[in-house]
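In what follows, a structure is listed as structure tokens, so that the remarks can point back to it.
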Amino acid sequence: MARINVNLLKSFICIVFVIALAACSSKIDKQKFDTVRIGMSQVQVEKILGKPTEQAAMNFGPLSGTTAIWKDQKNQIVIQFLNDEVKFKNFGPVKHK
């Protein structure tokens, strides 16, 4: 009986470790950036990158524009949407103020 509990405990620790490792991984990398394509909607982009770290939007008549930024300690992704479609994207180091 004690043997089963030790194996169960080992399995639980491994699962917790894998979940913690996945939670720490950054979505701000070149590979994910390259997956984003011109013309994608913001919902499609957020499925790849998650919610943006920063976001600003403005409307002018029938046009709506949004700039969304995803950042971590080293890199950032900037994507500009026009009427909910990617029109511009950039990947690079975080610009410190």
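Could you sort 57-63, 32-38 so that the peptide with the highest average Cβ count within 10 Å comes first and the rest follow in order?
32-38, 57-63
Compute the FRET efficiency between Val94 and Val43 as 1/(1 + (r/R0)^6), taking r as their Cβ-Cβ distance and R0 = 25 Å, and round to the nearest 0.05.
Numbers: r = 25 Å, r/R0 = 1.01.
In this case the efficiency is close to 0.50.
By count of other Cβ within 10 Å, fewest leading, how are Val45, Val78 ordered?
On the way: Val45 22, Val78 17.
Fewest-to-most ranking of Val45, Val78: Val78, Val45.
Below 8 Å between Cα atoms, with a sequence gap of 6+, how large is the relative contact order for region 28-91 in percent?
Rounded, it is 34 percent for region 28-91.
Calculated FRET efficiency, Ala56 and Lys87, Cβ-Cβ r, R0 22 Å, to nearest 0.05?
On the way: r = 15 Å, r/R0 = 0.68.
Using R0 = 22 Å, I get an efficiency of 0.90.
Any read-out appearing in this document is the output of simple, stated calculations on the displayed coordinates, not a laboratory observation. Keep in mind that what you see is a predicted model, and the values were worked out from it rather than measured. Ideal geometry is used to build each Cβ from the backbone, glycine not excepted, and the neighbour counts take in all protein chains shown.
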